[in-house]
Structures are given as C-alpha cells and as structure tokens.
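K.L.:
Here it is: the structure, laid out below.
The values are calculated or read from the model by the stated rules, or taken from the named source; none is laboratory data. Since this is a predicted model, take the numbers as computed values, not measurements. All Cβ positions, glycine included, derive from the backbone under ideal geometry; neighbour counts span all protein chains shown. The accessibility values were calculated without ligands, DNA or RNA, using every heavy atom of the protein model including side chains. Shrake-Rupley method; radii C 1.70, N 1.55, O 1.52, S 1.80 Å.
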Amino acid sequence: MNLSNILNKAQMKRCNLSRDELIYLLALEDQADLARLHEAAYAVKTKRLGRQVSLRGLIEMGNICAKDCLYCGIRRSNKNTERYHLGAAEVIRMAEWAYRENYGSVVIQSGEIESDEHTEIIAKVLKKIAEFSNGEMGVTLSLGEQEKEVFAYWRQAGAHRYLLRIETSSPELYRRLHPADHSFKRRYECLQYLRELGYQVGSGVMSGLPGQSHGDLADDLIFFRDLDIDMIGMGPYIPHPDTPLGAGLAVTPELSSRQLAVGLKMVAAARLYLHNVNIAAATALQALADNGRELGLLAGANVIMPNVTDLAYRKNYQLYAGKPCLEENAAHCRGCLAARVAGVGESILWGERGDSPRFFERITAESPLPAALSHIDSTIEYRKA
Ligand code: SAH
C-alpha cells in the first residue's frame, strides 16, 4: 500500500477503498502526507460540489436533556449548567432573522426531550418557517432519539433533514461512553426510521475518543456507507471538565492539535470515501483552532453552521470546553464568516438550502420515492400512539 495509489483510487469513484486502506489514511502522521490527504479530499469536493459552502444557521433551542452521556457538557447530571428551553416564538424569531439575513437553511438543535409539549412546539415552529419562507427555507432537526411517529409528524410539518449522530459505530465503545440504559440499537433504528420517512439523513461520530482505534474510525466511515448517509456532522472529542470522561483533563495545546488533526483526517477520509455527501466543518474544529472551520473546508467539508442563537443562551449550551463565539452576536458572526470563507477561496451559497447531492442521486436511482422536499401538509394533527 502506498499513499499515491490509495488517493488515486479513492478519487476515481465513491466507496472505492478497503477497510485497510481507510485505516492507512487515518493513521497518517507525517505533515507532508497529511497535506496530500487534505488536498486530495479537497479535489474531490471541488469536483463534485464546486468551491462553495452551504450555511445552516444554528439555533441552540435548549439544553434540557434526558440523556447522561459521559462526555457531554449538557448531560442530565451536570449541575453546573443553567438549563433553558426556548419557546416557539423565540425559535421562530431566530429563524426569521436567519431567513432575512439570507441563510438558506437552519438547524434546530437541543438536548434530548421526548414529550408531547416539545413535539408540538417543534411542529409549530416548522409550520411557521414554511409559511414565512414559502417553503423555501431548509430545516434540519437535531433533536435526538424520538418515536417514529414523532419523526413522521415533524416531517409532515416541514422538516426535511435530520441529524442524529451515532457517536461511534462500535457498539462496544458506545457502551463504554454511555450509561447502561442508553441504547445503541435504538439510535440505529431511529436512523432507519428517518430514512424510511424520506428525510435527508445525517449522522456522525466523535473522533479521538479515549480507547478509539483507527479501525473504529474506519468502521465509522463504512457505517456511513452502509446506511448510505446523506450528510455528516462529526467532530473531534473535546473534554468537558464537568463530565466523568473529561474531569481533570486539561485542554492543552498538545491535546488541541492532536484532536484537530484527527478531526480533519476524518473529514478528508469521509470526502474521499463518500464523494457527494454534505459534510459539516463542525464547530468543535473551531473550538480547537481559530481557523479550524476553514481547515475543515480545505480538508473537504462543504457546510458551516454559524450560530444564530441569542448570546444570552449560548453560554449554557456548552457541549465541550472552549466553545467559540460566546461573545459575538449573530450579525457579527455573519460578517466574520464571509471574510473567512473568502479567505480560503470559497464562496458562500447565500439563500440556498444546500441539500445533499447524494440524497437526490439515490432517490433518482430508486424512484419512485416520496417527494423529497415540497411536502408540507400544515393540516396534519399529531396523535401519540
Ligand atoms: N441531543 C441531540 C443533539 C445535541 S448534542 C442528539 O443527541 O442528537 C450534539 C453533538 O455534540 C452530539 O451528538 C455529540 O456528538 C457532540 N458532543 C457532545 N459532547 C461532546 C464533546 N465533549 N466533544 C465533542 N463533541 C461533543
């Protein structure tokens, strides 16, 4: 095996690498080799998607969470964070702002809540967004595991993308990172429901987790292929001091550069392996280096999620240490971002929803399929089974 052969092979077509070849790429350490890896991935990205970046305005809707993931700063048992949950009116206001500012899409994210009240708030927000944007604005939900009928209800109310990270595709590593009552199987089933319901399905993992091997990371990429994932949101693990996994682990410059490197390798390998999926340059990259997101773009990512949440709430939505942009308001973020993206020779697709090309490729091949997008039925009523 050598790097040139692997990179050439990867560039020829989708899913053209063996597990061992993926491991080879993920194990690279030499700076010159890493530069070649990133360049090859960037070449695939520009060929398939152009030198263009899609935006999602990120609305951090709340940090109340039923889960107790051992790595996450908003885990249920963390008593050091002030909990909040935005109502429909506030989320709608932030989404409207994003629409006026020409963000083609928003992501609504929160801790995991399964309740009728929450379900209805989201449906109300979705219908309102469809209304004020004439069904044009893209909406991704990132609201954790839900019952299938809740996913269906939100889909009918206007959501068309859902991001649910599997966190790691290794059931064993998953068990080590979560309390016993958190189920890998249920998370996996949720991804299948989302696919069945016609969502563009996003998933992702954390990289650089304690005890995670290059083989595990290669398996993560193979997992994305097997599920034929449309979008990937993944980032490096960053310790949070108020969590069992992160307690006592300082985010030193050495740790930051190691985690940044593994995060970028995963972006590049995912682009080389999966070609035309949407890949986000995760905020965790920016937490590790000021130019982390730009480096993500140059390693093959094509989506950025600028935060459009009111500043008052952002400090309480800290999944990991060192979250960026806690002081800059959304308008400032917009200007800063445009300059940064232009700085690496890319341009922003203002006003476009930026759907996953892979999604349309698949549904065309598989047609007939449910109408991918314009499927908004605002009369539908939710009934819990
Ligand atoms: N509750 C929702 C989404 C909110 S958390 C859900 O489960 O889908 C969003 C993501 O942040 C998680 O999926 C996880 O991958 C990531 N995350 C949590 N803690 C992290 C940490 N310490 N370092 C890096 N990423 C983290």
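K.L.:
Restricting to segment 342-361, and then to whatever is part of a helix (DSSP H, G or I) and over 20 Å from the mean Cα position of the chain (by Cα), can you tell me which residue is nearest to R51 (Cα to Cα)?
P.N.:
For segment 342-361, the residue satisfying everything is A342.
K.L.:
For segment 118-132, name all the residues that are within 15 Å of the ligand (Cβ to nearest atom) and either of a type outside the set (V, I, T) or assigned to a strand (DSSP E or B) (or both).
P.N.:
Once the filter is applied, which keeps residues that are within 15 Å of the ligand (Cβ to nearest atom) and either of a type outside the set (V, I, T) or assigned to a strand (DSSP E or B) (or both), segment 118-132 yields only H118.
K.L.:
Answer yes or no: is there a residue in segment 287-295 that is among the polar types (S, T, N, Q), away from the ligand (no atom under 12 Å from the Cβ), in contact (Cβ under 8 Å) with a residue 12 or more places away in the chain and open to solvent by 20 Å² or more (accessible area, probe 1.4 Å).
P.N.:
yes
K.L.:
For I129, are the conditions met, namely being β-branched (V, I, T), at pLDDT 95 or above and touching a Gly at 6+ places or on another chain (Cβ under 7 Å)?
P.N.:
It is true that I129 is β-branched (V, I, T), at pLDDT 95 or above and touching a Gly at 6+ places or on another chain (Cβ under 7 Å).
K.L.:
Only one of (1) in contact with a His (Cβ under 8 Å, 6 or more places away or on another chain); (2) farther than 20 Å from L217 by Cα fails for R14. Which number is that?
P.N.:
R14 satisfies all of (1) in contact with a His (Cβ under 8 Å, 6 or more places away or on another chain); (2) farther than 20 Å from L217 by Cα except (2).
K.L.:
Given the structure, is P239 within 12 Å of the ligand (Cβ to nearest atom), surrounded by 18 or more Cβ atoms within 10 Å (Cβ to Cβ) and over 13 Å from I279 (Cα atoms)? Quick ask: steps written out before the conclusion?
P.N.:
Working: within 12 Å of the ligand (Cβ to nearest atom): yes; surrounded by 18 or more Cβ atoms within 10 Å (Cβ to Cβ): yes; over 13 Å from I279 (Cα atoms): yes.
Answer is yes for this residue.
K.L.:
Oh, and also: Only helices (runs of 4 or more DSSP H) wholly contained in segment 139-200 count here; list those with 2 or more residues that are within 12 Å of the ligand (Cβ to nearest atom).
P.N.:
Values: elements: 148-157, 171-177, 184-196.
Helices (runs of 4 or more DSSP H) meeting the threshold: 171-177, 184-196.
K.L.:
Continuing with this model, one more query. For K185, work out the one condition from (1) out of contact with any Pro (no Cβ under 9 Å at 6 or more places or on another chain); (2) open to solvent by 20 Å² or more (accessible area, probe 1.4 Å); (3) not hydroxyl-bearing (S, T, Y) it doesn't fulfil.
P.N.:
In the conditions (1) out of contact with any Pro (no Cβ under 9 Å at 6 or more places or on another chain); (2) open to solvent by 20 Å² or more (accessible area, probe 1.4 Å); (3) not hydroxyl-bearing (S, T, Y), K185 misses (1) alone.
K.L.:
Follow-up. Which ones in segment 296-319 are touching a residue at least 40 places away in the same chain (Cβ under 8 Å) and more than 15 Å from the chain's Cα centre (by Cα)?
P.N.:
Of everything in segment 296-319, those that are touching a residue at least 40 places away in the same chain (Cβ under 8 Å) and more than 15 Å from the chain's Cα centre (by Cα) turn out to be L298, A299, V308, T309, D310, Y313, R314, N316, Y317, Q318.
K.L.:
Return the only residue of Y313, Y320, Y273 being within 12 Å of the ligand (Cβ to nearest atom) and of a type in the set (S, T, Y).
P.N.:
When all the criteria are applied, what remains is Y320.
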